[in-house]
Amino acid sequence: MAQQSSSKRRMELDAPERFMLVVDHELCKKCKKCVNECSFRALEFVDGGVKPVGGCVACGRCINVCPAHCLEIRQVPSQFPAHANFNERVRRAIMSQASTGGVLLTSCGTDIGYPVMFDEMLLDAAQVTNPAIDPLREVVETTTFVGGRKGRLEVKENGRLYMEEDPAPMIAMDMPIMIGHISLGSVSYNAQKALFTAARQLNILAGSGEGGLHKDFHPFAPNVVSEIASGRFGVTGDYLKRTAAVEIKIGQGAKPGHGGHLPGEKVSALISQTRMIPLGTDALSPYPHHDIYSIEDLQQLLSVVKESTEYKVPVGVKIAAVHNIGAIASGIVRAGADFITIDGFRGGTGSTPRIIRDHVGLPIEVAISVVDQRLTKEGLRNRVTVFAGGSIRSSADMIKAIALGADAVMVCTAAMVAMGCRVCQQCHRGVCSWGIATQREELVSRLDPDVAATRVVRLFRSWNEELKEILGAMGIDSVESLVGNRDRLRYFGPNSKIAEIMGVKHVGEGWG
Amino acid sequence: MLARRSARPSTGLYDLGADDDIGLPVPERYGAVRPPGLNYQMGGCGIAGCINLDGGRISGDVIARMLETMGERENGLGAGYACYGLFPEHRDEYCMQFFFDQEEAKVKVEELLNSMGGISKEERVYTHRVKTMRPPFPLVWRYFFRPKQKLEWRGRTDLSNDDFMVQLAMHVNSDVEGALCVSSGKDMAVFKGNGFSYEISKFYDLGRYSGKMWTSHSRFPTNSPAWWGGAHPLSILDWSVCHNGEVTSYGVNRKFVEMAGYRCSVLTDTEVVAYTWDLLVRKHRLPITAAAFVMAPWYHEDILRLDPESARLATWLRLTYKEALLNGPFSIIVGRREPEVTMIALADRKKLRPLLCGRSLDGKSAYVASEECAVRIVEPGAETWTPNAGSPMIAQVGKGILRTGNEHPFVGGV
């Protein structure tokens with residue numbers, strides 16, 4: 001039976017290995033560092049040499065620690081007879097399910113090569129009729145505000161202009177980037193510490209993810225968005241009041257219609273304390289919030305959260321991008337959300353059923369523009385801050401997401417890659433060799449929070465500089481003038497219908 | 001000495017004389033109907049304005065000379081003038097001026113006006129054939145109109161007269177084929193068309209009008225067709241906007257006014273600027289300085305240097321109205337009649353387009369223009385200055401120059 005076969009003794013009917021470690025035994029110093037570092041146990045030291053024993057996921061840890069540079073990971077050429085329809089990916093899934101009989105779990109965003117509309121759009125630049133702006137010589141602003149707006153301001157005159165009181169709670173970020181909700185549990189203590197440290201240094205927000213805020217991280221609270229997810233893990237009044245903003249998580253792009261899933265392997269003592277759940281149990285959040293079965297229920301929860309935080313912090317809602325996203329977003333704004341986070345189907349996760357990750361939802365590019373157009377049409381767009389996430393891979397994606405209609409982007413995977421992640425899609429196994437998506441102390445200690453934080457800071461600072469370069473080239477000196485400015489985008493892909501839906505003109509179409 | 005425009009040396013394609021003489025294809029020209037496929041127009045321009053601060057009258061010849069002097073700033077694809085305080089005998093009625101491409105459009109508009117209120121006087125706006133101008137020549141008509149006492153617009157009975165007039169003008173512009181409402185304010189009118197500034201001033205015989213204030217605009221469009229409707233000033237109610245520049249945030253600014261119910265029909269950034277002024281000042285009751293700050297705000301880093309109260313207000317103005325920030329280069333002259341004839345001149349916050357103000361030696365007149373020559377030609381001894389980037393110059397009949405644009409903005413009040 002499949003359960004009885006150890007990972008070392010492959011069953012005859014299992015799928016063949018995907019990766020193979022090749023060792024140059026002449027160069028090898030036999031220090032065994034690679035063997036010790038391989039948390040997937042894909043290497044053994046046998047007969048005086050390093051031997052791959054199967055199970056390599058190409059996390060790349062061994063290569064980076066090898067002092068002799070004698071290792072190479074090879075992608076094993078397909079061992080399957082060619083078939084374009086029953087391709088290797090399909091056959092591997094079948095074999096895997098035949099071996100285990102379960103719902104296949106995976107992590108990170110989908111690896112299927114769906115079209116990426118970000119890669120099918122070009123940006124505009126200023127020529128002759130308006131001057132481009134050099135961000136090194138002139139001011140180009142990227143300050144981004146997060147919170148609800150009233151749509152109008154009461155200004156009074158009394159010898160000078162004044163206003164009575166602040167209309168709503170508002171947070172200023174130095175750049176239109178938020179580090180997404182990556183929970184303590186899905187990632188390690190050191191990883192979350194690094195992300196929070198980076199957020200503080202960058203003066204941006206970072207999501208806490210589901211599961212509360214560890215007491216050590218309370219000093220980071222002014223940069224943290226707390227999350228109320230369907231499991232309500234770690235949610236206390238203190239948690240909500242302490243943080244800069246509160247987000248009610250309805251859905252996540254990687255698993256729309258599905259609850260959070262933290263495998264028991266990752267529920268260590270630390271996690272059990274923060275989440276307030278028993279050690280070693282799977283933390284499975286319900287699919288819906290069991291007090292939100294409709295929009296009016298959401299409105300009530302928004303009111304409850306606003307009351308309990310005394311209207312001092314913005315309260316928002318995160319939803320996965322699904323087909324009717326425009327109407328859903330409109331309902332959420334009308335229900336009183338100060339911000340909406342839309343998560344596209346390519347978004348990442350620490351654990352999700354593969355079937356949902358790969359086949360459910362809406363690409364974020366389309367979701368952003370549909371929501372922006374819908375909210376504009378209903379006169380609501382200037383009441384709410386819109387975050388968009390779900391595979392923002394680069395500053396180019398960020399800039400295009402903003403031009404399509406997002407106020408700011410939510411980024412997770414790119415921050416993880418900056419910290420060492422190789423996107424090997426094994427987070428759910430809890431043995432991340434880089435110390436990120438794991439709770440094992442010997443692995444967690446591999447991640448230096450200060451080094452990791454610095455790398456995230458460098459990454460987002462460089463993105464922000466690139467944003468300024470593009471804004472300046474467009475003759476725009478403040479990022480808010482790019483939000484939803486689809487006039488400055490052109491579609492350059494095979495499907496003009498999608499351009500029409502996104503409200504983006506085709507390349508070659510001018511302004512007049 | 002530059003008054004004889006037609007003798008000016010040629011520099012551009014459109015100055016080469018009659019285009020068919022040199023074998024160029026004759027581009028399509030449009031009157032009231034929007035050119036097909038047009039979805040945005042832009043260009044460089046010249047702007048000029050003058051106001052009599054005592055409420056005396058200025059002849060149309062004055063503004064024509066100011067504008068025509070800046071011949072380098074136009075290429076014959078549109079010019080226009082707005083005059084305020086020119087119909088004292090009809091000062092309480094909305095003066096609606098239209099372009100009509102066909103008689104049917106005129107009939108439709110008249111039916112509409114008669115069903116919604118009363119026309120106390122209607123007349124053909126005097127136009128004078130100018131040899132160098134080319135057809136089409138839309139019919140230009142003027143109605144002095146007063147809405148019904150008990151107004152109903154598409155089931156709504158809560159609209160003020162001004163709101164109703166906005167709806168009416170936008171309805172005509174969007175839905176009545178062949179008709180375009182050029183201006184609709186009380187005691188003001190817009191005279192514009194497709195041609196050089198000197199042609200348009202002759203076409204309307206501007207010398208026959210005199211008013212308390214004039215604003216004007218000549219176009220150097222870079223990529224848009226010759227269209228009478230697209231010429232400046234763009235006007236809604238008593239607002240008129242003459243605009244030199246290219247707003248790089250048009251898509252965002254347009255959303256801002258559309259969310260408030262304005263329908264964009266001319267599809268220029270200038271139209272959106274006019275609606276923005278109406279929305280911010282008339283509907284949201286922002287003081288003019290606050291509205292100007294919204295359109296050309298301080299940088300956040302500079303706001304932080306203000307006193308805490310001013311910084312708080314400035315920040316909230318910016319973020320509440322962030323979609324109204326006019327990005328990119330612009331200088332604008334804005335005219336308004338309520339509560340008193342007012343001229344506002346504003347340049348973008350980086351001052352990427354020229355703007356110069358002037359005051360006559362007797363202090364009775366104020367001027368605004370793209371270039372100093374425009375002021376000097378009518379008032380050689382005028383005192384002139386350039387307002388700061390993003391700082392409005394405001395002049396009002398009866399009150400004088402309220403703001404020169406050189407004040408430290410924001411702090412210390414209005």
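The values are calculated or read from the model by the stated rules, or taken from the named source; none is laboratory data. All values reported here derive from a predicted model rather than from experimental measurement. Here the Cβ is made from the backbone with ideal geometry for all residues, glycine too, and neighbour counts use every protein chain on show.
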In segment B:314-334, residue farthest from the other protein chains (Cβ to nearest Cβ) [restricted to those that are assigned to a strand (DSSP E or B) and out of contact with any Gly (no Cβ under 7 Å at 6 or more places or on another chain)]: B:VAL334
Selection status of B:MET70, under 19 Å from the mean Cα position of the chain (by Cα), more than 24 Å from B:VAL272 (Cβ to Cβ) and buried (at least 19 other Cβ atoms within 10 Å of the Cβ): yes
Some residue of segment A:125-133 being in contact with a Gly (Cβ under 9 Å, 6 or more places away or on another chain), under 30 Å from A:LYS505 (Cβ atoms) and modelled with pLDDT of 95 or more: no
Residue satisfying condition, being in a helix (DSSP H, G or I), at the interface with chain A (Cβ under 10 Å from one of its Cβ atoms) and farther than 23 Å from A:PRO135 by Cβ, within set B:ARG285, B:ARG254: B:ARG254
Extreme residue, surrounded by the fewest Cβ atoms within 10 Å (Cβ to Cβ), among residues of segment B:295-313 that are more than 9 Å from every other protein chain (Cβ to nearest Cβ) and in a helix (DSSP H, G or I): B:PRO308
Total residues in segment A:147-177, condition surrounded by 17 or more Cβ atoms within 10 Å (Cβ to Cβ), of a type in the set (Lys, Arg) and more than 7 Å from every other protein chain (Cβ to nearest Cβ): 0
Which numbered condition A:THR144 fails, given (1) surrounded by 15 or more Cβ atoms within 10 Å (Cβ to Cβ); (2) more than 11 Å from chain B (Cβ to nearest Cβ): (2)
Top-ranked residue in segment B:181-219 [being touching a helix residue (DSSP H, G or I) at 6+ places or on another chain (Cβ under 6 Å) and assigned to a strand (DSSP E or B); ranked as nearest to the other protein chains (Cβ to nearest Cβ)]: B:SER218
Evaluation of B:SER265 against (1) closer than 26 Å to B:ILE63 by Cβ; (2) assigned to a loop (DSSP other than H, G, I, E, B); (3) of a type in the set (Ser, Thr, Tyr) (one fails), failing number: (1)
A:GLY508 vs. criteria modelled with pLDDT under 95 and within 14 Å of another protein chain (Cβ to nearest Cβ): yes
Residues of segment B:349-359 satisfying the condition of being within 14 Å of chain A (Cβ to nearest Cβ) and at negative phi: B:ARG349, B:LYS350, B:LEU352, B:ARG353, B:PRO354
Selected residue [in contact with a Leu (Cβ under 8 Å, 6 or more places away or on another chain) and assigned by TED's automatic domain parsing to the domain that holds A:GLY207] from A:ILE325, A:ILE319: A:ILE325
Pairs where the first residue, in segment A:128-139, is not assigned by TED's automatic domain parsing to the domain that holds A:GLY472 and the second is loosely packed, with under 13 Cβ neighbours inside 10 Å and not in a loop (DSSP other than H, G, I, E, B), C-beta under 8 Å, 6+ apart: A:VAL139/B:GLU301
Matching option when the condition is touching a strand residue (DSSP E or B) at 6+ places or on another chain (Cβ under 8 Å) and more than 12 Å from B:VAL378 (Cα to Cα), among B:GLY46, B:GLY55: B:GLY46
Number of positions in segment B:258-278 that are within 11 Å of another protein chain (Cβ to nearest Cβ) and either out of contact with any Phe, Trp or Tyr (no Cβ under 7 Å at 6 or more places or on another chain) or within 20 Å of B:SER331 (Cβ to Cβ) (or both): 6
Top-ranked residue in segment A:471-483 [being closer than 15 Å to A:LEU122 by Cα and buried (at least 24 other Cβ atoms within 10 Å of the Cβ); ranked as nearest to the other protein chains (Cβ to nearest Cβ)]: A:MET474
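One line per residue, one yes/no per condition, for (1) more than 13 Å from chain A (Cβ to nearest Cβ); (2) surrounded by 17 or more Cβ atoms within 10 Å (Cβ to Cβ); (3) in contact (Cβ under 8 Å) with a residue 60 or more places away in the chain; (4) not aliphatic (A, V, I, L, M):
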site: B:ALA347; (1), (2), (3), (4): yes, yes, no, no
site: B:LEU361; (1), (2), (3), (4): yes, no, no, no
site: B:ILE377; (1), (2), (3), (4): yes, yes, yes, no
site: B:GLY381; (1), (2), (3), (4): yes, no, no, yes
site: B:GLY390; (1), (2), (3), (4): no, yes, yes, yes
site: B:HIS408; (1), (2), (3), (4): no, no, no, yes
Subset tally (residues that are over 23 Å from A:GLU441 (Cβ atoms) and either crowded, with 20+ Cβ neighbours inside 10 Å or touching a residue at least 40 places away in the same chain (Cβ under 8 Å) (or both)) for segment A:30-51: 1
